[in-house]
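S.K.: Once you've had a glance at the structure underneath, I'll fire off some questions.
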Amino acid sequence: MTPGAALSLVLVCVIFGANAVAIKIRMTGLGTFTAASIRFAIGGAAIYLWARWTGRGFIVGRRDIGPLLILSGLVTLQLSFFYLGLSKTLASRGALIVNVVPFLVLIFAHFFIPEDRITLRKAVGMLLGFAGVALVMTDNGTLEGGWRTGDSIILMAATCWAGGAVYTKRIIHRYDPFQLVLYPLVFAVPALLLEGWLWDPTMLAYVNSDIIAALLYSSIACTAVGLVVWNTMLNRFGASLLHAFVFIIPIVGVAAGGIILDEPITSRLIVAAGLVAIGIGVVNIRAGRGTPTSPVGRSI
C-alpha cells in the first residue's frame, strides 16, 4: 500500500468516526427521523449519480428482489434505532457503543457462515471490545437523563447492523456491491420520513448553515465519497489490509464529541475507546476473507 492510499484510508476512517457529531448537529433543528431521511435521500442520490457515471447496472433479477427486501428491512431498523438512540445520548458514547458491531458480526458469522469461525485471537479481541462497551454503559458517574436508554437503543442498532453484515456476506455474490447500499436506502428513506411524520415532535424547526454543513458532510463525505474510496481500495488491496485502519473510528468518535460538542470525556471513556480500538485491531489482524462489517455502513 502506497503512503497516499494509506492516508486516504485514514481520512475516510476519520470522516466515519466524526459522523455522530454531524448527526447531533442536524438534530438541533431537524426531527430525529426527518434528519435521517433527508441525509440518506441526498446520499442515495449521490450514489446513484456515481453509479450512472461509472456505467454500473441497476437491474436485479426477480429472484434477487426478496433477499434485497430482507436486507433493506434490516438496514431500516438499524438506521431507525441508531438515530433514535443517538438523540437520547452523547455523540461520543454513541460512536463508541456502535463499534461493538465487529464483535457481534463474529458471533453471528460463527453460526451462519461455515468458513468464519471464532478463533482464540478473535475471542480475545471480542472480550476487549465488549469490555470497552461495558465500561461506557456502566459509567454512572456521567450518566444523566436518558443516556442509558439511548445507549441501549444504539446497542439494538448494532445488533441489526451485525445481522445485516452477515446476511450481506451470504448474498453479496448475487449483486453489484453498490446495489446493496443504494437499494436499502431507497427503501429506508420513505420509511424514515414516515417515522418522522409519526413520531418527530417537530419535523423541521429551523435550518442554519451548521445544519446544512452537517447534512452535506454526512451525505456526501460519509456516504458517497466514503463508498467510492473504500470500494476502490477494497478492490486494490483486499479486506485484510483495509480493516487494519478501522480501529481509528471509535477513537475519532470520542475525541470529536469532546472537541466539537464539548461533551465530557472521562478517563473511563478514554479507556473504553482504547479497549474497543485494540479489540478491533486484534480481531482484524490477518483478517483474510472473514465476514466484513461493512465499514461504509459506519457512516450511519
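The values are calculated or read from the model by the stated rules, or taken from the named source; none is laboratory data. None of the values given here were measured: they were computed from a predicted structure. With ideal geometry, Cβ positions are generated from the backbone for all residues, glycine too; neighbour counts draw on all protein chains shown. Heavy atoms of the whole protein, side chains included, go into the accessibility calculation; ligands, DNA and RNA do not. Shrake-Rupley method; radii C 1.70, N 1.55, O 1.52, S 1.80 Å.
S.K.: For residues in segment 115-140 being part of a loop (DSSP other than H, G, I, E, B) and open to solvent by 50 Å² or more (accessible area, probe 1.4 Å), which is nearest to LYS169 (Cα to Cα)?
M.R.: Going through the qualifying residues, I end up with GLU115.
Condition check ((1) acidic (Asp, Glu); (2) over 30 Å from GLY31 (Cβ atoms); (3) open to solvent by 50 Å² or more (accessible area, probe 1.4 Å)) across all residues:
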| position | (1), (2), (3) |
| --- | --- |
| ALA109 | no, yes, no |
| LEU155 | no, no, yes |
| TRP161 | no, no, no |
| ARG174 | no, yes, yes |
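S.K.: At pLDDT 85 or above and open to solvent by 60 Å² or more (accessible area, probe 1.4 Å) - does that describe any residue in segment 237-258?
M.R.: Within segment 237-258, one or more residues are at pLDDT 85 or above and open to solvent by 60 Å² or more (accessible area, probe 1.4 Å).
S.K.: Name the helices (runs of 4 or more DSSP H) wholly within segment 1-114 that hold at least 2 residues that are out of contact with any helix residue (DSSP H, G or I) (no Cβ under 8 Å at 6 or more places or on another chain) and on the phi < 0 side of the Ramachandran plot?
M.R.: The helices (runs of 4 or more DSSP H) meeting that bar are 3-17, 32-53, 65-86, 101-112.
S.K.: Still on this model: Can you work out which of the residues in segment 63-80 that are of a type outside the set (A, V, I, L, M) and without any contact (Cβ under 8 Å) to a residue 40 or more places away in the chain is nearest to PHE187 (Cα to Cα)?
M.R.: Across segment 63-80, the extreme among qualifying residues is GLY66.
S.K.: Sticking with this one: What residue, of TYR217, TYR183, is under 22 Å from ALA20 (Cα atoms), hydroxyl-bearing (Ser, Thr, Tyr) and surrounded by 19 or more Cβ atoms within 10 Å (Cβ to Cβ)?
M.R.: Matching residue, one of TYR217, TYR183: TYR217.
S.K.: Let me ask something additional. Out of curiosity, is LEU194 modelled with pLDDT of 90 or more, loosely packed, with under 14 Cβ neighbours inside 10 Å and aliphatic (A, V, I, L, M)?
M.R.: yes
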